[in-house]
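I have placed the structure first, in the form of structure tokens, so that the comments after it can refer back to it.
What follows draws every value from the coordinates through simple rules; no lab data is involved. This structure is a prediction, so every number in the text was calculated from the model and none was measured. Positions of Cβ are backbone-derived with ideal geometry, glycine not excepted, and every protein chain shown enters the neighbour counts.
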């Protein structure tokens, strides 16, 4: 399946959007994804100085992460941009279809409890979503990133334990969140594994 591109940033003014998006060169797009991801964490990179960081965070906090999330959709899984993209997909899934997400989480939770797992090994979905909102809203420090990645990974594992859909995530190419990440046969478990590795690298300070 060809990688689907999400929309250009719509919340920035045209000049700022052009500065962030660049000219479509793959290497430049990768650098832009990297720079914007770290800017969301409050970290300047290269020519994107603190003033630009503050502006980007201000836009995200006032208008939402949709303004920049599409910049990350082709990023490698073991990069900050790739990790943020996976967090965004989970968060956006709940925004678009909370009933399905809640149902799959509850079903997976019951399955794991029946297998002998303890309730405290399964994070409350509401807490997980609040953590996602903090990170994606540009309100998290680097120290807060790894725990959010870990609990997001665990949440995907919980949902994958449900008997109705198992590890599948998005089942139609027509779905708004259809993407190579979400359309894999074991998308929930594969994404959970990627987020755990990102969390490990974030703890070590080696996440790209």
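Tabulated values for the structure
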{"read-out": "Order by protection proxy (mean Cβ within 10 Å, highest first), peptides 192-199, 91-98, 143-150, 172-179", "value": "192-199, 143-150, 91-98, 172-179"}
{"read-out": "Calculated [θ] (222 nm, deg cm²/dmol) that DSSP helices of n ≥ 4 give over the chain, each run adding -39,500 (n - 2.57)", "value": "-19000 deg cm²/dmol"}
{"read-out": "Convex hull volume per residue in cubic angstrom - Cα atoms of the chain", "value": "116"}
{"read-out": "Tilt relative to the chain, helix 80-96 - C-alpha long axis, 0 to 90 degrees, to 10", "value": "60"}
{"read-out": "Tilt relative to the chain, helix 50-63 - C-alpha long axis, 0 to 90 degrees, to 10", "value": "50"}
{"read-out": "Order of 51, 110 under a 10 Å beta carbon neighbour criterion, fewest first", "value": "51, 110"}
{"read-out": "Relative contact order, percent, the chain [alpha-carbon distance under 8 Å, six or more residues apart]", "value": "22"}
{"read-out": "Extended-chain gain in nm, criterion 0.36 nm per residue less alpha-carbon gap, residue 47 and residue 143", "value": "32.1 nm"}
